[in-house]
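Each remark here refers to the structure printed beneath this line.
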Amino acid sequence: MFAPISGAALAQGVAWPNRTITLVLPFAAGSGTDTTTRIISQHLSAALGVGIVIDNKPGANGMIAATYAARAAPDGYTLFVTTNTTHSANPYLLKTLTYDPVKDFAPIARTGDLPFMLVVHPDLPAKTVAELVAYGRANPGKLTYASGSSSSIVSGATFAHNAGIDMLHVPYKSSPPALNDVIGGRISMIFIDVLTGLPHVKGNALRALAVTTRERSPLVPELPSMQEAGVPDFDITSWQGYFAPANTPKEIVTRLNAEIRKIVENPAIKAQLATLGMDAFSGTPEQLGAFVGDQLVLWEKLIRNAGIEKQ
């Protein structure tokens, strides 16, 4: 008779939101997802009239954060901002998955794409992808590539497989420390999101060779695509979106979707995110749900074709 009222029921019975909202992220501070989320969250906080805090939970290829968010109360106060790492690739990269990317989450809104690019240490004797491939073939096992996300894992393995070169994979908990070791010359290269990598390229700490998308990116139009640079069947894009725990009330999801879409479709905010390397756009919760389903099929194929075994 006096059983506790569930978070969902409480959310339906009182005005939402009336307290701080937590955005859980699967990557460390300083990553591309972290940087863009902090910008979007400032505007979302103002629109909703409550505070928003970022809770970075890197590790286990995003599984720690995804599991935490999936098990949170479905009351609209804990949301998950994530990418293809947790919701497209992990089911085919990890032997054990402690969450279901479809059943455990309610899609809210897609916020855009974060194109990746191949960057190498400047001391590496390769100024083009073709030269890098030639060097790799002439020096089997000498090249190493770092990773801090599924996009970098799959991009590196796809490059090695499709170019026919032998490279050692060195995984990291998140992208910032992986990038630091490439900058320090301890690792040969990394596939990194444009937002995180571009400042180091402009500062001459890294050399950019290509983007991972099928066509050139308008964010870095001077860089060829991997396919254009001579690596066949290469087309990998990292996407970003907001999710809530499954069974979150539809009214909350609808309100969040409306506010997030207003933010990312605002020309000024869209332009700001573009300068950081993010192609911002959005859509309905239903469109994000369908997109996740399509991406699961796509990433299974990418991982299978790259010959990556589950860890």
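A straight line joining the Cα centroids of the stretch 185-248 and the stretch 259-310 runs 14 Å. Dividing the summed helix terms, -39500 (n - 2.57) for each DSSP H run of n ≥ 4, by the number of residues in the chain produces a 222 nm estimate of -12000 deg cm²/dmol to the nearest 500.
For the stretch 40-54, backbone phi angles converted through the Karplus equation (6.51, -1.76, 1.60; θ = phi - 60°) give residue-by-residue couplings of 4, 5, 4, 6, 5, 4, 5, 5, 8, x, 9, x, 10, 10, 9 Hz, Gly and Pro being listed as x. Applying 0.36 nm per residue to the separation of His161 and Gln311 and subtracting their alpha-carbon distance, the gain on full extension is 52.2 nm.
Of the whole protein surface, Glu300 contributes about 80 Å² of accessible area at a 1.4 Å probe radius. Straight-line cross-link partners of Lys127 among the lysines, defined as a Cα under 22 Å from its Cα and at least 8 positions apart when in the same chain: Lys142, Lys202. Please list, in order along the stretch 65-74, the HN-Hα scalar couplings obtained from phi with the Karplus expression 6.51 cos²θ - 1.76 cosθ + 1.60 (θ = phi - 60°), rounded to whole Hz, x for Gly and Pro. Karplus-based 3J(HN,Hα) across the stretch 65-74 equals 5, 5, 5, 4, 5, 4, 8, 6, 4, x Hz. Please state, as a whole number in µm²/s, the translational diffusion coefficient that the Stokes-Einstein equation yields for the chain at 37 °C and 0.692 mPa s, with Rh defined as the Kirkwood radius across alpha carbon pairs. Taking Rh from Cα pairs, D becomes 165 µm²/s. Evaluated with a Cβ-only charge set (Lys, Arg +1; Asp, Glu -1), the chain carries a dipole of roughly 360 debye about its Cα centre, given to the nearest 20.
Along the Cα-to-Cβ line of Gln287, 7 Å from the Cα, sits a label point; which residues in the stretch 209-253 have backbone N less than 17 Å from it? The answer is 239-243.
Which percent of Cα pairs goes in each bin when the distances of the stretch 57-105 are cut into 10 angstrom slices starting at zero? Histogramming the stretch 57-105 at 10 Å steps yields 27, 60, 12, 0 percent. Accessible surface for the chain, divided over its residues, is 42 Å² per residue with a 1.4 Å probe. By the compact-protein rule of thumb, 2.2 N^0.38 Å, the alpha-carbon radius of gyration of the stretch 82-186 corresponds to a ratio of 1.24.
For the stretch 225-311, the share of accessible area belonging to carbon and sulfur comes to 52 percent (1.4 Å probe, ligands and nucleic acids excluded). Of the GluC sites (Glu not before Pro) in the stretch 217-290, the ones in a loop by DSSP (not H, G, I, E or B) with at most 13 other beta carbons within 10 Å are Glu222, Glu265.
Taking square-rooted eigenvalues a ≥ b ≥ c of the alpha carbon gyration tensor, is the stretch 168-311 rounded, prolate or oblate, where a/c under 1.5 means rounded and, failing that, a/b exceeding b/c means prolate? Verdict is prolate for the stretch 168-311.
The values are calculated or read from the model by the stated rules, or taken from the named source; none is laboratory data. The shown structure was predicted, so the numbers you read here are calculated from the model rather than taken from an experiment. Methodologically, a virtual Cβ is constructed for each residue, glycine included, from the backbone with ideal geometry; neighbour enumeration extends over all protein chains shown. Surface accessibility is based on the protein's heavy atoms, side chains included, excluding ligands, DNA and RNA. Shrake-Rupley method; radii C 1.70, N 1.55, O 1.52, S 1.80 Å.
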